Structure formats: C-alpha cells, structure tokens
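Read-outs throughout are calculated quantities, based only on the coordinates presented, and are distinct from any laboratory measurement. Keep in mind it's a predicted model, so treat the numbers as computed, not measured. Ideal geometry is used to build each Cβ from the backbone, glycine not excepted, and the neighbour counts take in all protein chains shown.
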Amino acid sequence: MARVYTSEATNSDEDSPRKGFLSRFPRRSGERPRGLFSRWAGSGKWRRGIILALLAVALGFAFILHAEVPNSIGNIGSLWETFLPWGGLLIPVLLVCALLRRSVTALVALLLPTVVWVNLFGGVFHDKTSTASGDLMVVTHNVNADNPHPERTARQLARSGADVIALEEVPSSQSDFYEDGLRKSHPYHKLAGTVGIWSKYPLSGARTVDIKMGWPRAIRATVRTPKGVIAVYTAHLPSVRVQFKSGFTAGQRDASARALGRAISHDRADTVILLGDLNGTMNDRALAPITSQMRSAQGAAGKGFGFSWPESRPMARIDQIMVKGADPVSAWTLSPTGSDHLPVAAKVNLPG
C-alpha cells in the first residue's frame, strides 16, 4: 500500500514573526507597502485641508504685497505693516492645524509664507553691529507726560554716554526736571513745546519745524561736532489709534510725516540725523516721505527688531533713529526709565 506523505509548512504566516506583523496591514493585490508618511496622511492627503492651504497662500501674498494692502478701509494696510513681523505667528498656527488635519497640501502651501517671512525678517537676527566706536552717540526717548520719575529718567539719560539726546512728550510741568538733570552733561539745549534737543556740543540755528499740528512738535538744530557741522531733527508725530468703528486712525500722523519729509528733503546740510517718536515702523508706507530718503540705524547696524513700545512688552519699534550722510555702526535699546517707551540709542560715523 502506497504511503501518502503530507509535509507541514515550516514557515507559515503564523510561525513567521515578520509575516505575522505585516499581516496586520492588509494590502490590495499589486499594491506596494506604504511608508510611514503615506500611512499618516492616508489616501486623501492631497484633498484634505484645501481651505488651510488657501489661507497659507493668502498669508504669503499678504507678506509679499504688504504695500498693496489697501488703506481705503480703516487704514488696514498701515495697521498690517505696523505689526508685520508679528504676522509670522500665524505660520505655526497654520502648521499645527495642517498637522492635525493631516493635510500634505496645506503643509506644502505653508512653504510660501515661511520663505517670504524669512526673506523679509530673517536678516534682523543677524548682529550687524560694528566694532567701530563711532564718532557720535545719539539717543531718543519719549519720556511720557505721565512719567512718575522724571528726575530719575533725566539722570539715567545723562549717564547714557550720548553726545546728543532728543526727548519727546516733555510736559511743561516736568520740563525743569529734564533741564536741571541734563544741564551738567549736556549744557546746550533747545526745548520747544513738548520736544527738545540736548547736546554736549554747541547748538545753533535751533528752530521749530511745522509738521501741521498747530503747536511745536518738531525741532531742527545745527550741532557743531568735532567732525563737523550736522543737522539734527527731533520730532513727535501724532499718535495713531485702533478703533472698532474707524479702524486704524492715522490721517494726522500721515500728514505730519509728509511735512517732516519735505523739510528734511529741502535741508541743505550734508549730514542729517532724525531722532524721534514717529508713531510708525519702518515698514509703514505712511512714513515713506521720510524713510525713502534716510537709513534706519537699527536696520543698518542693530540686532533683532529693536522694539521700543510698549516698555513692558515691546511689540513695535516706533521710536526711530535715522540718518542721511552718515554711517550707523551700532544701534540698541536702553534700560527702562519709567516711561511707557524704551530709549533707543545709536552710534554713527560722520563724514570727513
């Protein structure tokens, strides 16, 4: 009688650890094993998150075309430009949403605003400060009309090492504190309205500049430095407001910026330095009459954004040091003084 031999499979799916593990991931006939990314995203990875992708693209174009965002409705363009760097915080928000949605489309779209933001602001994290000592150190500070410690603020500014100091928002009730506190270190000064210039070097030709406000908020003076004569302006442009009904109200600020820009453009001095609270950032198109003809000391020789307001949690640099015909070598913010603004300082090299 013939024997029938039956052989047992020595490597059945149940006996093979590897095949037993793979059996947990069923696949269709002819389908290749899916990678980790494919399993995470799933078959609808390109269809999911279309709205998130559109938001990411819109954000990217809002960065690219920030100068084209209209001001016709509530000056939203200037408002967006004032806080433009903070728009980058929307990128991680969209990133988290894209990850939760498991949308490859949204993740790819996020590359656009990320690259544009880095292109716009990545350079500010590079320390552009020069090792040069500079020919002139200048400081500008909105001291705040409600400053509870004007004497202390004056003493702190006197010890700053600045050759020229510009102050804004000096109320008549506190002007004596600043004049007395700065008299020894900066014997030459001009105070008009709520703005003033104090200098270690002789001042001449000091006069107010009409910036269309009806009272003095800008001064122009000639400073005779060891390297030659320069023109120094200080200005406090009108404040702006963000209101529910009217939006970003900045019309008076914009008109004053145009007037100040005209005055500087007609100035015959070879070297001009502007110190002041301009109530706007370098990105704000409304300041173009000024920024188009001058260089920001912070942008040229600072590190980081150099935010100066509000003092407790600075979110914007509205206090500016700008130059024409001079080279900034360093720029920074000083310690708090009791004002709601931080003082900002810069060192510049003068021609000659």
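Laid out as a table, the results:
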{"quantity": "In Hz, Karplus ³J(HN,Hα) per residue of region 288-299 (6.51, -1.76, 1.60; θ = phi - 60°; x = Gly, Pro)", "calculated": "4, x, 9, 5, 6, 10, 9, 9, 7, 5, 5, x"}
{"quantity": "Lys128, Lys184 arranged by Cβ crowding within 10 Å, fewest neighbours leading", "calculated": "Lys184, Lys128"}
{"quantity": "Hydrodynamic radius (Kirkwood) for region 127-349, which is based on Cα pairs only, to one decimal in Å", "calculated": "17.1"}
{"quantity": "Per-residue Cβ neighbour rank within 10 angstrom, fewest leading, Asp127, Asp163", "calculated": "Asp127, Asp163"}
{"quantity": "Rounded FRET efficiency, nearest 0.05, which uses the C-beta distance separating Trp86 from Lys303 and R0 of 22 Å", "calculated": "0.75"}
{"quantity": "Shape call, region 58-182: gyration tensor on alpha carbons, a/c limit 1.5", "calculated": "prolate"}
{"quantity": "From phi via Karplus (6.51, -1.76, 1.60), per-residue ³J(HN,Hα) for region 256-262 in Hz, x at Gly/Pro", "calculated": "5, 5, 5, 5, 5, x, 5"}
{"quantity": "Dipole of region 34-124, positive end: most advanced residue of Cys97, Ala56, Ser72 [Cβ charges, Cα centre]", "calculated": "Cys97"}
{"quantity": "For Leu334, Leu157, order by how many other beta-carbon atoms lie within 10 Å, fewest first", "calculated": "Leu334, Leu157"}
{"quantity": "Mean Cβ neighbour count within 10 Å, used as a protection proxy, ranking 64-76, 215-227, 130-142 highest first", "calculated": "130-142, 215-227, 64-76"}
{"quantity": "Computed FRET value (nearest 0.05) for Ser175 with Ile76, which takes r as the C-beta separation and R₀ as 51 Å", "calculated": "0.85"}
{"quantity": "Amide H partners (placed H, <5 Å) of Val329, local residues excluded", "calculated": "Lys347, Val348, Asn349"}
{"quantity": "Among the listed pairs Lys227/Lys324; Lys190/Lys212; Lys128/Lys347; Lys190/Lys324, those beyond 18 Å (Cα-Cα)", "calculated": "Lys190/Lys212; Lys190/Lys324"}
{"quantity": "Cut-off under 5 Å, modelled amide H: who pairs with Ser185 long-range", "calculated": "none"}
{"quantity": "Hz values of 3J(HN,Hα) by residue in region 174-181 - Karplus curve (6.51, -1.76, 1.60), Gly and Pro given as x", "calculated": "10, 4, 4, 4, 6, 5, 5, x"}
{"quantity": "Pairwise FRET efficiency - Ser335 versus Ser239, Cβ, R0 = 25 Å, nearest 0.05", "calculated": "0.55"}
{"quantity": "Magnitude of the charge dipole, region 34-124, Cβ model with Lys/Arg +1 and Asp/Glu -1, debye to 20", "calculated": "780"}
{"quantity": "Overall form of region 34-124 per C-alpha gyration tensor (a/c, 1.5; a/b vs b/c)", "calculated": "prolate"}
{"quantity": "Cβ charges +1 (Lys, Arg) and -1 (Asp, Glu), total dipole of region 202-352, debye", "calculated": "220"}
{"quantity": "Stretch gain in nm, segment Asp146-Lys227, where the contour uses 0.36 nm per residue and the Cα spacing is subtracted", "calculated": "25.4 nm"}
{"quantity": "Whether region 149-216 is rounded, prolate or oblate, judged on the alpha carbon gyration tensor where a/c under 1.5 counts as rounded", "calculated": "oblate"}
{"quantity": "Selected from Leu274, Leu191, Val170, residue furthest toward positive end of dipole (region 127-349; charges at beta carbon)", "calculated": "Leu274"}
